[in-house]
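Mind looking over this structure? Questions follow.
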Amino acid sequence: MSLGRIVRQPELARTLEAIAAQGPGYLYGGALGEAIVAHLAKLGGCLTLDDLRAVKPIWREPLAAGYRGLAVHTLPPPCEAFQFLLALRILEGFDLGRLQHNGVEHLDTVWRSIRLAAGERIANNNPSPTRLAELLSEANVERLRARVRDGKPISGPTEQWTPPPAGTAVKEGHTTSFSIADRDGNVVCLTQSLGSPFGAGVVVPGTGLCLNNFLFWADINPKSPNRTSPGDVLPVCVAPSISLKDGKPVLALGTPGSYGILQTQVQAFVQHLDFGLPLQEAIEQPRARLWDGRAVEPESRIPAAVLEALRGRGHDIKPGDAWTMRVGGMQAVAIDPGSGLMTGACDPRRDGYVATA
C-alpha cells in the first residue's frame, strides 16, 4: 500500500453506521450478531446467539499509582497493566534525572525494574484486590528496589509462564492505540487488539468485520500458575493510561506492542517526566524490548559502548534495528494544566499521526 492512498471500506462503514443508529442490540442478538453466528457456523464454529446475548459489560474502577507528582491511571485486573504501574513505583525510588541520559546507569536501572515488575505480574496474574494492594505496597516495592540496587544480574520471564517455542516468528501489527482530548476536557486513551495479525483471518461477508482471535493468548501450560480454565476471565496485556495532576488530566499515553506495552510505556514516562523531554521527543528516544531470561533487544541508536557496558552487567544484549515496531507505537496527548494547551505526539515506528480539529 502506497503512502497517500485512500483505503475505502464501505461495508465496514455501513456496519458502524448501523451500530450507531441501532445501538448494541444490533450485535448482541440482532442482525449483525446473526450474520456473524451464521458465517462461523459455515466454518465449523460453535458461537451462538445466546453467547452474544450473555455478554454483559462490567464497569471497573481504574487502577492508579503516583509517579513524579502525577496520578497515573490505567486498567485494573484482569488487564495486566499493574506491571506498568509497579515498574513506575519501583523507579519512583531512584533519582533518574541526575543520571546520564540514555547512559548505563539510566538504562540499567529502568531495565532491571521492568524485568522485576514483569516477574511479579507473571507470578501473580489476575490478582485479587488484596493481593494487588500487597504487590503495589511500599514494603513490596522497597524489596524490589533493593534488588535493583544490588547489581546482581536478573533473569526471568517477561511474556507468559511459558515462552514461545524456539524459532517462533515475532508477529507484529495487530494492535491499535490512540489518545484523544477535546476542548471540553474529555480525554480518552484506548488500546484494542485483534490478537494476531488480521485476527482470526475471518471477515464476515457483507459486514467488513475482521474477527479477532485473542483467546489464542490464553496460557495453557499445565505447570503455569496462570493456566486458563473454562469460564475464566482472560488476562489482557493492554495498558492505556490517563495521568492526572491535581485532579485534572495532563497526559494520555498508550501503545500497542504485546507484552512490550507494559515495558515501553515505562520507558517513555521516564524520558518525558524524569529527563523533561517534550512529548514527541520522549516517544522518539531509543527504547528496548526485554525478552525471557536476560535477553534485551535495544534499538541500535543506543551507543555501542553503552550496550557493551550493559552486557557486562548481565543483560544479554541482542541489538535490533535503529527503529523497531517491537518497542511499540505510542500515541499521546499532553495538556498543560495552566493554559490548557494540548500537544499531540505520535510514534514514527508505526502508522501514527497527530490530527487536530
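Taking the Cβ of each residue in Cys237, Cys210 as the centre, tally the other Cβ atoms inside 10 Å and list the residues starting with the fewest.
Ordered by Cβ neighbours within 10 Å, fewest first: Cys210, Cys237.
Quote the charge dipole size of the stretch 61-357 about the Cα centre in Debye, to the nearest 20; the model charges only the Cβ of Lys and Arg (+1) and of Asp and Glu (-1).
With Lys and Arg at +1 and Asp and Glu at -1, about 580 debye.
So, in Å, what gap is there between the alpha-carbon centers of the stretch 242-315 and the stretch 42-112?
If you average the Cα positions of each part, the centres end up 14 Å apart.
Within a Cβ distance under 15 Å of Pro286, other residues only, what is the Lys/Arg minus Asp/Glu net charge?
Here the charged neighbours net out to -1.
Specify the residue with the greatest mean-square fluctuation among His101, His315, His39, computed from a Gaussian network of the chain linking alpha-carbon atoms under 10 Å apart.
Its mean-square fluctuation being the largest, the pick is His39.
Which FRET efficiency value, to the nearest 0.05, do you get for Leu215 and Ser339 by plugging their Cβ-Cβ distance into 1/(1 + (r/R0)^6) with R0 = 41 Å?
For R0 = 41 Å, the calculated efficiency reads 0.35.
Give me the dipole magnitude in Debye, nearest 20, for the stretch 92-212 about the Cα centre, with unit charges on the beta carbon: positive for Lys and Arg, negative for Asp and Glu.
Value, rounded to 20: 300 debye.
How far, in degrees from 0 to 90, does helix 31-42 lean away from the longest principal axis of the Cα atoms of the chain, to the nearest 10?
Roughly 90 degrees, rounded to the nearest 10.
Pull out a ≥ b ≥ c, the square roots of the eigenvalues of the alpha-carbon gyration tensor of the stretch 10-53, then state rounded if a/c is under 1.5, prolate if not and a/b is larger than b/c, and oblate in the remaining case.
oblate
Also: For the chain, what does -39500 (n - 2.57) per DSSP helix run (n ≥ 4), summed and divided by total residues, give at 222 nm, in deg cm²/dmol to the nearest 500?
-8500 deg cm²/dmol
When a/c reaches 1.5 or more, the comparison of a/b and b/c decides; with that in mind, is the stretch 67-111 rounded, prolate or oblate per its Cα gyration tensor?
Prolate shape, in that a/c is at least 1.5 and a/b is the bigger ratio.
Still on this structure, I have one more. Working from Cα positions, state the angle (0 to 90°, nearest 10) between the long axis of helix 138-149 and the longest principal axis of the chain.
Roughly 60 degrees, rounded to the nearest 10.
Now for a separate question. I want to verify a result. In a Gaussian network model of the chain, Cα cutoff 10 Å, which of these has the top mean-square fluctuation: Ala65, Ala282, Ala139?
Highest fluctuation of the listed residues: Ala139.
A follow-up question, please. Which of these, Asp321, Asp336, Asp50, has the largest mean-square fluctuation under a Gaussian network model of the chain (Cα springs below 10 Å)?
Comparing Asp321, Asp336, Asp50 in the GNM, the peak value goes to Asp50.
While we're looking at this one, here's another question. Applying the Karplus parametrisation 6.51 cos²θ - 1.76 cosθ + 1.60 with θ = phi - 60° to the phi angles of the stretch 219-228, what ³J(HN,Hα) value in whole Hz is obtained for each residue in order, glycine and proline being reported as x?
Whole-Hz 3J(HN,Hα) from phi for the stretch 219-228: 8, 10, 6, x, 7, 6, x, 10, 4, 7.
Given Cβ point charges of +1 (Lys, Arg) and -1 (Asp, Glu) and nothing else, what value in debye, to the nearest 20, does the dipole of the stretch 10-53 about its Cα centre take?
Charge dipole, the stretch 10-53, about its Cα centre: 40 debye, nearest 20.
Now a separate question. Is the stretch 91-167 best put as rounded, prolate or oblate by its Cα gyration tensor, with a ≥ b ≥ c the root eigenvalues, rounded for a/c under 1.5, and otherwise prolate when a/b is larger than b/c, oblate when not?
Here the stretch 91-167 falls in the oblate category.
Here's a follow-up. To the nearest 10 degrees, how steeply does helix 10-22 sit against the main Cα axis of the chain, on a 0 to 90 scale?
For helix 10-22, the angle is close to 80 degrees.
Tell me the label only: which of [x] 5, 24, 32, 22, 12, 4, 0; [y] 5, 26, 37, 26, 6, 0; [z] 5, 22, 32, 26, 12, 3, 0 is P(r) over Cα pairs in 10 Å bins from 0, in percent as calculated from this structure?
Read-out taken from this structure: [z].
Every number here is computed from the coordinates shown, using simple stated rules; none is lab data. Keep in mind that this is a model prediction, so the values were computed, not measured. Positions of Cβ are backbone-derived with ideal geometry, glycine not excepted, and every protein chain shown enters the neighbour counts.
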